[in-house]
Amino acid sequence: MRIERLKGFAYGGDYNPEQWGPEYWVEDMKLMKKAGVNLISLGIFSWAKLQKDEQTFDFSWLDTVMDLLAEYGIAADLATATAAVPAWAYGRYPDLFPVDKQGNRLWYGSRQTYCPNSPSYHRLTAALVRMIGERYKDHPALAMWHVNNEYSCHVSVCYCDTCAAEFRTWLKQRYGTIDGVNASWGTSFWSQWYYSWEEVMPPRQTTTQHNPGQVLDYQRFMSDSLLNCYLIEKHILREITPDVPITTNFMLEWKPLDYVKWAKEIDVITWDSYPNPAVGVHPARNALDHDLMRGLAGDKPFMLLEQSPSQVNWRKVNTVKYPGLNRLYSMQTIARGGEGVMYFQWRQSRRGAEKFHAACITHTGDEHSRVFKEVVSIGKELKELAELSTSKIEARVGIIYDYENWWAVEYAPGPSGEVSYRAIVLDYYTACYDAHIPVDIIFQESDLSAYDVVIAPLCYMVRPSLAQQVERYVSNGGTFVTSFFSGIADEEDAVFENGYPGPLRTVLGIQVEEFNPLEDHMYNVIANREQAGESTVSLWTEYVRLEGAQAYAEYTQDYLAGEPAVTRNTFGEGAAWYVSARPEAGYMRELLLHICTEAKVKPLITAPLGVEVTIRTGSAASWMFILNFTREPVTVDLGEYSGTDLRDRRTVRGKLEVAGTDLRIIKLD
Ligand code: GLA
Ligand code: ZN
């Protein structure tokens with residue numbers, strides 16, 4: 001389901017008219033038109049202004065704004081307004097309060113303060129959503145439903161008594177009996193055995209490490225509890241407006257929710273991107289989330305629902321997006337397959353916690369700010385690119401991303417508390433990004449045969465379906481790559497029998513005998529056996545025994561000197577690679593280039609570091625994006641490609657210069 005009426009890219013942002021008198025609203029509409037805005041997210045935090053008590057609703061101001069939007073031809077991504085509960089409700093229904101790990105109640109006075117299992121929250125939100133749905137179902141401005149806001153921000157886990165009771169119900173459904181729970185969590189350990197359901201608790205504050213099985217199940221349960229909140233709203237909206245797409249906005253680098261499970265319930269995948277604009281942040285970090293969202297979307301559209309046109313207010317120091325950077329990040333969304341670019345927020349607040357968060361209309365209050373001028377010119381550029389809006393990204397490399405694995409590997413008490421799943425995924429992703437090799441983010445259940453190379457970084461938890469697929473995939477000619485601390489535990493977080501890397505041992509042709517994680521000041525060095533190439537390695541090393549694989553690189557220091565560090569195993573028609581440590585970025589790039597070249601996957605073009613290159617392919621044409629995230633001019637070599645530069649309609653081929661913080665879009669011949 002798409003937002004058909006936009007006929008091109010969505011452009012706009014969060015609009016909070018209730019913070020302003022009606023005298024601003026017409027002016028806002030005019031400025032929105034000037035900026036090329038065609039979609040705005042409305043009413044996200046409006047609950048308190050829409051409902052005075054349980055019986056009394058007041059939609060008059062929202063009616064006026066919706067009518068104005070219709071008059072000005074701007075579509076509404078209309079919120080269900082359930083994200084921030086009004087103060088009056090807590091006094092009556094204390095089950096609304098979330099409770100933290102220590103047992104403290106979290107008070108209202110901020111936002112998004114609710115227990116996801118609160119029956120009152122479910123009832124009050126359902127009533128509000130039904131009112132909003134019925135009221136605006138036929139409104140000409142309505143284009144999409146925006147359910148709630150950024151679920152799990154700021155309460156991703158609640159430990160209250162309601163949640164404890166619901167957790168037991170959830171466990172009953174998963175395991176059937178209390179002994180099923182005991183078996184899964186391994187409660188023979190530390191005298192944790194449970195004899196009755198009432199003894200089972202959320203992982204509340206305790207003396208030392210919790211049972212990892214209990215923690216993992218609580219993360220699953222919390223993700224499911226919040227998903228249930230979303231589904232309550234979704235089902236009501238679907239019933240009232242079967243044809244209006246429904247979204248809820250995902251977040252950057254977000255761990256608490258299993259977005260793979262969530263994405264199946266969402267029509268348009270949307271997310272909020274806030275990369276730190278301080279110079280030196282690698283653009284691959286943001287690109288990874290775009291690719292993740294595209295992967296979550298599958299055949300459905302995805303778009304950016306929020307980004308700041310300049311600075312945010314919630315970092316310690318909030319640098320601006322220097323001139324050109326907003327455009328570059330906006331176009332990164334488009335370059336990576338997105339169908340829209342939106343901001344938080346339209347008009348900068350004068351009061352409240354976000355008054356120093358940038359907005360399209362800044363505190364100058366007029367249309368003359370640098371930020372607004374950039375917003376206008378990006379709007380214009382997006383309009384000119386409308387014909388690209390349904391084209392797609394194609395990739396031959398897939399990187400597996402998995403939330404349960406993320407939860408489990410980072411909770412594992414030992415071998416190293418320094419292991420970050422995102423960081424290791426990013427190592428592999430950045431290597432491909434820097435080599436200008438397009439990547440799809442895929443999942444443990446995805447069809448691997450659609451790719452020439454599949455990378456599973458830090459694949460600690462391996463579900464049986466993945467293990468079987470990898471063997472089939474490699475024996476049929478695929479190339480599989482995985483890293484240290486992979487193939488360790490099953491989906492109950494129990495360590496596989498017969499050593500590491502568990503079910504991946506045969507295909508990788510190795511056994512890992514021991515892990516030797518490194519403290520910050522420690523390192524080892526690895527060197528390739530035949531090709532040039534060496535790297536210091538940090539974080540982690542392993543003692544690897546070959547069981548049919550060849551050592552591609554070996555350790556050169558300490559007791560591991562001469563032992564395999566990177567291995568390659570021929571398996572059937574394909575190859576399986578294992579990287580037992582954490583090498584530097586340059587080495588990773590060369591290694592991935594080597595692996596991809598062997599698998600006949602080529603970089604798109606030759607371009608320096610800091611330059612992002614993608615191709616969007618449509619039914620009749622393809623477009624190459626070259627984004628220069630450095631502040632210096634760069635020269636790229638288009639190689640076999642030629643085409644028309646959309647900026648000046650000139651034909652380009654061979655070497656091409658791109659100015660600092662600038663981009664080129666080329667319609668390929
Ligand atoms: C999130 C929220 C917005 C706003 C921005 C500020 O993305 O969804 O309401 O608070 O952060 O960066
Ligand atoms: Zn709770």
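Odds and ends about this structure:
- Antiparallel DSSP beta bridges within region 397-598, as percent of all bridges there, nearest 5: 60
- Modelled spin labels at Asp53 and Glu657, positioned 7 Å past Cα toward Cβ, are 7.2 nm from each other.
- Taking every DSSP beta bridge that has both ends in the chain, the antiparallel portion is near 55%.
- Three-way shape call for region 397-598 based on the alpha-carbon gyration tensor, with the a/c threshold at 1.5: rounded
- Summary of the geometry: region 309-326 and region 86-103, compared by the centres of their Cα atoms, lie 34 Å apart.
- Zone of Asp447's modelled label, taken as backbone nitrogen in region 393-412 under 19 Å from a point 7 Å along Cα→Cβ: 393-401
- Those residues of region 537-574 whose amide nitrogen sits under 15 Å from the label point placed on Arg529, 7 Å along Cα→Cβ: 544-556, 561-571
- Estimated FRET transfer efficiency when R0 is 60 angstrom, pair Val279-Asp243 (beta carbons, to 0.05): 0.85
- Between the beta carbons of Arg650 and Thr597, assuming R0 = 25 Å, the FRET efficiency works out to 0.15 to the nearest 0.05.
- Our estimate of slack between Val317 and Ala620, defined as 0.36 nm per intervening residue step minus the Cα-Cα distance, is 104.5 nm.
- Set of aspartates and glutamates near Lys667 by C-alpha distance (under 17 Å), chain-local residues within fewer than 8 positions excluded: Glu381, Glu384, Glu387, Glu394, Glu612, Asp637, Glu640, Asp645, Asp648, Glu657
- Across region 397-598, C-alpha contacts under 8 Å between residues 6 or more apart give a mean separation that, scaled by the residue count, equals a relative contact order of 21 percent.
- Placed amide H near Thr113: partners under 5 Å, 5+ positions off or other chain: Val85
- Working note: Karplus 6.51/-1.76/1.60 with θ = phi - 60° gives region 617-633 the couplings 10, x, 6, 10, 7, 10, 10, 9, 9, 10, 10, 9, 7, 8, 9, 10, x Hz, where Gly and Pro are set to x.
- Accessible-area composition of region 611-668, carbon plus sulfur, in percent [1.4 Å probe]: 43
- Approximate spin-label separation Ala494-Ser475, in nm, with each point projected 7 Å along Cα-to-Cβ: 2.6
- Listed by chain and number, the aspartates and glutamates whose alpha-carbon sits under 12 Å from that of Lys600, ignoring those within fewer than 8 places in the same chain, are Asp452.
- Database remark: amide H of Asn516 closer than 5 angstrom to the amide H of Thr541, Glu542, Tyr543 (H placed geometrically; neighbours at sequence offset of 5 or more, or on other chains; Pro and chain starts carry no H).
- With a Förster radius of 45 Å applied to the C-beta separation of Gln557 and Ser377, the computed FRET efficiency comes to 0.25.
- Region 251-284 and region 594-669 have Cα centres lying 25 Å from one another.
- Dividing the summed helix terms, -39500 (n - 2.57) for each DSSP H run of n ≥ 4, by the number of residues in the chain produces a 222 nm estimate of -9500 deg cm²/dmol to the nearest 500.
- Backbone HN-Hα couplings from phi across region 571-578 [Karplus 6.51/-1.76/1.60, Hz, Gly and Pro as x]: 9, x, 8, x, 9, 10, 10, 9
- Normalised by the number of residues in region 611-668, the average gap of Cα pairs under 8 Å and 6 or more apart makes the relative contact order 39 percent.
- Inter-part distance, region 179-218 to region 470-542, computed on C-alpha centroids, equals 30 Å.
- Over the chain, relative contact order from alpha-carbon pairs under 8 Å, at least 6 apart, %: 10
- Arg105-Thr536 pseudo-label distance in nm [points 7 Å out on the Cα-to-Cβ vector]: 5.3
- Proximity of backbone amide H atoms, modeled 1.01 Å from N, is registered between Ile400 and Ile442, Ile455, Ala456 at under 5 Å, excluding neighbours fewer than 5 places apart on the same chain.
The values are calculated or read from the model by the stated rules, or taken from the named source; none is laboratory data. Please read all numbers here as calculations on a predicted model, not as lab measurements. Note that we place each Cβ from the backbone using ideal geometry, even for glycine, and neighbour counts take in every protein chain shown. The accessibility values were calculated without ligands, DNA or RNA, using every heavy atom of the protein model including side chains. Shrake-Rupley method; radii C 1.70, N 1.55, O 1.52, S 1.80 Å.
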